[in-house]
1. When you look at A:Ala113, is it buried (at least 23 other Cβ atoms within 10 Å of the Cβ), of a type in the set (Gly, Ala, Ser) and more than 10 Å from chain B (Cβ to nearest Cβ), yes or no?
2. Only one residue in A:Val67, A:Val7 is more than 10 Å from chain B (Cβ to nearest Cβ) and of a type in the set (Val, Ile, Thr), so which one is that?
3. Collect the residues in the stretch B:165-184 that are among the β-branched types (Val, Ile, Thr), closer than 18 Å to B:Trp285 by Cα and free of Cβ contacts under 8 Å to residues at least 60 places away in the same chain, keeping them in residue-number order.
4. If you scan the stretch A:71-80, which residues turn out to be open to solvent by 10 Å² or more (accessible area, probe 1.4 Å) and either over 19 Å from the mean Cα position of the chain (by Cα) or more than 7 Å from chain B (Cβ to nearest Cβ) (or both)?
5. Among the residues of the stretch A:29-55, how many are within 13 Å of another protein chain (Cβ to nearest Cβ) and not in a loop (DSSP other than H, G, I, E, B)?
6. Considering only residues that are assigned to a helix (DSSP H, G or I) and small (Gly, Ala, Ser), which ones fall in the stretch B:131-183?
7. Does the stretch B:208-228 hold any residues that are within 14 Å of chain A (Cβ to nearest Cβ) and open to solvent by 40 Å² or more (accessible area, probe 1.4 Å), and which are they?
Amino acid sequence: MRAVRGVSFEVRRGEKVGIVGESGSGKSALALSILRLIAPPGEVVGGQVWLNDRDLMRLREREMAHVRGSEIALIFQDPMTALDPVMTIGAQIVESIRKHRPDVSRKEARDRAIELLRDVEVPLAERRIDDYPHQLSGGMRQRVVIAIALANDPPLLIADEPTTALDVTTQAQVLDVLERAVEERGAAVILITHNLGIVADFCDSVKVMYAGRLVEQATPTDLFRSPIHPYSEALLRSIPDPARLEQGPLPTIPGAPPSLANLPAGCAFEPRCPLGRGVAICKNTAPPVIPIGQGVAECHFAEERWADNETMRKEAAADDRS
Amino acid sequence: MISFLRMRLAGALATIFGASLISFILLRVLPGDPVRLIAGPLASEQALEGVRRQLGIDLPLPVQYARYIGGFVTGDWGFSFTAGGPVREVFASRIAATAELALFAFVIAFTAALILALLATYRRNRIIDGFVRVISTFGLGTPQFWLAMILLIVFFEQLNLFPGPSGRLDASTLAPPRVTGLLTVDSLLAGRWDAFSQAIEHLILPALSLGFVPFAFLVRLLRANLLEMSREPFIVVVRSKGIGYWATHTRHVLPNAFLPTLTASGLILAELLTGSVLVEKVFAWPGIGALVVDSILRQDYAVVQSFILLTAVLYVGVSFLVDMLYGVIDPRTRNPVSQRG
């Protein structure tokens, strides 16, 4: 079965791209595919990942190892399990530095590790560096994970649910730390999340993922104001919002994502779609990629919906100006 | 740390006390009369009485027990009538042979298990892994004495690659001057290369027969733990730093997978040091194993009691050492004094 199919997008230098979707939509598989770290028996069966002018899928393993950590780094989702429990956090940062710059002495690498820990706002960094992961809280561990990813100033960071495992206050702090570190370094970020709120604050563009495909790509503003794909709309409506409490319980998307082993012939969202359920074209024909505004959407109704939303967008834009 | 040590010490003493008590009682409730064995079937009641007094088994049981423990602590381990000397001297003359064999077998088993488990799990190497699984299943079902004889038939009788069951050196070779009692070490110290290579040759077959089962056990255990650890999320993070497969495997997967193997290794070492009875018999190895078997058959109280107590002390010592090593390998098992929230 295929967890990610026909996904195509680009990330420019310094751009922050959000990829959203519910659990099991293929987000993490996408992240690991880019790094070529899909665990066997899983594998990448085809596709290209271009970093500047190189296709990563065609690199030798040794060359790929050099890309990992120095050109593309990963921020893992669960800080509780992301660190080697029997190695000090300092050693784990130093390992990454010295892997890519063997000429750096142990002492220098250690000083650099302390600096990195300060960058991600770990208090008493010069003492904490000799701690083991179990001596740190979740938020502190996630900062360490970020410090490891930043160790070689990679131009691209892939952050897979970087704050999901943390409580809300810690989430905000960790996001701040990440945002500042990325800004200072001018790094591009692929932020994978199911949290649309984070995307709105953090990202320059959003991709909505469903059943292994990017069903809509847009700027956060467009997406939030006028989602084209019914799935995006449903996702937006299921964000908890205190202002809407009186309108009854939070709307959910009925049904579950389709089994990736057994995808329908037409649109993968058709069985759950308020618009297309039972419609012949949705059921039988996979929707084409339709350019819409500054983005694209894979929906048979995309153009219609874009036109419908035109007035709404204009009003909103007028509001913005006033 | 202090309270931890105190706990460990109490546990160790309880273990040793229990072992001594059980061996003391078991020997005395077993049917048979050692006094008869010593004095002979025709001895008079008076002679029997004399032997009893000599052995100290005419005294009340609690007194006997107190003398047994007190003697062990002060170094008086009693007199072995089967070997015709003080138990401590008898042990001392034989313990080096057993220790050398056990250590050699342990090193072979441990090293082979470590290397094969690493290779079998490294990028799921199907061929090596298949081999390891077959050989470990086979190993767990192999009786040591049977393997010992098969090895002798193949490598001594048929191929004549290794010496036969003739002890630790050829009969014609002069043993190097005794320093440690380990012939390999002593011959090196004396610069006697002939004796060294011969000692090694003599060690290989008995060590293989002795080490095969522990090897099979360790390789299975370590393989399973390595596979489990290689699926842990932090391994993906290590790989995402650009660390290669092999370095990830040895520097991150192995240290995390090693603890159960360490525990098992400790127990296996203790077992090898005390449990090479049958293999020693097959190879005519002048160690403690053979002595203990004979002593049990002849109800030589002093030898068996001392041996069991010695075993208990050894087990306790090894497991204590393993616990200390735990702390070195896994920081989470260290005392949480350094924890700063």
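1. In short, yes.
2. Every option except A:Val7 fails the conditions.
3. B:Thr173
4. A:Glu71, A:Gln77, A:Met80
5. Total meeting the criteria: 5.
6. B:Ser136, B:Gly139, B:Ala148
7. Answer for the stretch B:208-228, where residues must be within 14 Å of chain A (Cβ to nearest Cβ) and open to solvent by 40 Å² or more (accessible area, probe 1.4 Å): just B:Glu228.
Residues checked against (1) part of a helix (DSSP H, G or I); (2) touching a helix residue (DSSP H, G or I) at 6+ places or on another chain (Cβ under 6 Å):
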position	(1), (2)
B:Asp194	yes, no
B:Ala207	yes, yes
B:Arg223	yes, yes
B:Gly242	no, yes
B:Val253	yes, yes
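The values are calculated or read from the model by the stated rules, or taken from the named source; none is laboratory data. Worth saying up front: this structure is predicted, and the values here are computed from it rather than measured. Using ideal geometry, Cβ is built from the backbone for each residue, glycine included, and neighbour counts are taken over all protein chains shown. Heads up: the accessible areas ignore ligands, DNA and RNA and are worked out on the full protein's heavy atoms, side chains in. Shrake-Rupley method; radii C 1.70, N 1.55, O 1.52, S 1.80 Å.
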